[in-house]
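Trainee: My questions all concern the structure below.
The values are calculated or read from the model by the stated rules, or taken from the named source; none is laboratory data. Here the structure is a predicted model, which means the values were calculated and not measured. Please note: Cβ atoms are built from the backbone with ideal geometry, for glycine as well, and neighbour counts cover all protein chains shown.
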Amino acid sequence: MKAKKTNETQELNTHGKFETNAIRTQLERSQFLEHSSPMYLTSSFVFEDAEDMRASFAEEKDRNVYSRYSNPNSSEFIEKVCQMEGAEDGFAFASGMAAVFSTLAALLNSGDHILSARSIFGSTHALLTNFFPKWNISHTYFKIDELDELEASITPQTKVIYAETPTNPGVDILDLEVLGKIAKKHDLILVIDNCFASPYLQQPIKFGADLVIHSGTKLMDGQGRVLAGITVGNADLIDKIYRFSRITGPSLSPFNAWVLSKSLETLAVRVDRHCENALKLAEFLENHEKINWVRYPFLKSHPKYEIAKKQMKAGGCVVAFEVKGGLKAGQNFFDSIKLLSLSANLGDSRSIVTHPASTTHSKLSKEERAETGITDGMVRVSVGLEHIDDIVADIAQALALA
Ligand SMILES: *Cc1c(COP(=O)(O)O)cnc(C)c1O
């Protein structure tokens, strides 16, 4: 819940365009007239008197009570993301997965069914497969290229359509407009994990999403420091998520909220450079003799280039490609990388190379991997903010040895 006020001191100011709002949306200054928002490291808030205490607990007042419910730093972070995504309200979580779990758990009942894209984040896949069946919440996966047949999979129990675009790690694109129309026609809640695009590149609510989830850990923080998550969207749905979460306790810490709100001030400039570097790397790889294929949403060769252009401002920070020669060549490539980090994170200022088949997606069977387009020689690069010449040079020398 975004706009909790404490003793009239916390009005949130909003102005004009994306970059301006990201910088100028700020808690009202305290008596110290600080320029940058202070950090409110406090677990609870005080009451003026007995009546104030009663009225606050009765929710007759819009104010902070306890930081598991709301905190000024979280409110500032949520307000910024709501403006970026065009959302009515939101709730901030300790991690992206806390946001995914709490959002679905708050909205679904035993017996309900989720219709989800097959290519989703590994832990979200594990949540749907290993844990939700305990509460009799089932799911069906659909393939990205079979949106035409999606309606046939809707049952009377279906409550939610769930998807990510661009997908991880295959960088495939789903048509948000098509998903939005199907969700509306069947009165389903469309939930989009928008983490790979960031709110700067893509706003799913414009295309009919009811809720948008982010792992703040990725491009939002952008410097690999904190874990965070957020869900924004329709105010009635957020109210249900808020009521579930303030009891179950997955709330974001004020410290991490402060870090993230500061990071959002530079989101636009950072993501612009990520995309510029990623496109240059993708173009370099496209003509490379050691590569079978390269996928990046804003390359004309991407099968969904037109859809990407329709719904995204630029192609994002992730480039996927396949090294010729399968697993052995892939391993040689990774062992030869010097500058880039071998890590599983993404959206960091540091460029990162990942081998999905042996790491993030190793728990899937070979058939399941094939279904989501993950081959043994596939490399995922999260293109960072180093000089593009250095990024390309490192990948070029590793390919020469692959
Ligand atoms: C990382 C990620 C998550 C989970 O976020 P955490 O902050 O690591 O819990 C969810 N969805 C996508 C697409 C991600 O990349």
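Trainee: Which of the residues that make up the range 286-306 are part of a loop (DSSP other than H, G, I, E, B), among the basic types (Lys, Arg) and more than 15 Å from VAL392 (Cβ to Cβ)?
Mentor: Correct list: LYS300, LYS304.
Trainee: How many residues, within the range 336-352, are surrounded by fewer than 21 Cβ atoms within 10 Å (Cβ to Cβ) and either free of Cβ contacts under 8 Å to residues at least 60 places away in the same chain or of a type in the set (A, V, I, L, M, F, W, C) (or both)?
Mentor: 6
Trainee: Going by the conditions given, is GLU88 modelled with pLDDT of 95 or more, over 14 Å from GLU265 (Cα atoms) and not small (Gly, Ala, Ser)? Can you show your working first?
Mentor: Details: modelled with pLDDT of 95 or more: yes; over 14 Å from GLU265 (Cα atoms): yes; not small (Gly, Ala, Ser): yes.
Considered against the rule, which asks whether it is modelled with pLDDT of 95 or more, over 14 Å from GLU265 (Cα atoms) and not small (Gly, Ala, Ser), GLU88 comes out as yes.
Trainee: Still on this structure: I need a count of the residues in the range 206-256 that are within 11 Å of the ligand (Cβ to nearest atom) and either farther than 18 Å from PHE77 by Cβ or assigned to a helix (DSSP H, G or I) (or both). Before you say what the answer is, go through the steps one by one.
Mentor: Step one: filter the range 206-256 for residues within 11 Å of the ligand (Cβ to nearest atom), giving 213-221, 226-230, 250, 252, 256.
Narrowing further to those that are either farther than 18 Å from PHE77 by Cβ or assigned to a helix (DSSP H, G or I) (or both): 256.
Residues flagged as within 11 Å of the ligand (Cβ to nearest atom) and either farther than 18 Å from PHE77 by Cβ or assigned to a helix (DSSP H, G or I) (or both) within the range 206-256 amount to 1.
Trainee: Would you be able to say whether some residue in the range 72-81 is under 24 Å from THR167 (Cα atoms) and assigned by TED's automatic domain parsing to the domain that holds ALA257?
Mentor: Taking every residue of the range 72-81 in turn, at least one turns out to be under 24 Å from THR167 (Cα atoms) and assigned by TED's automatic domain parsing to the domain that holds ALA257.
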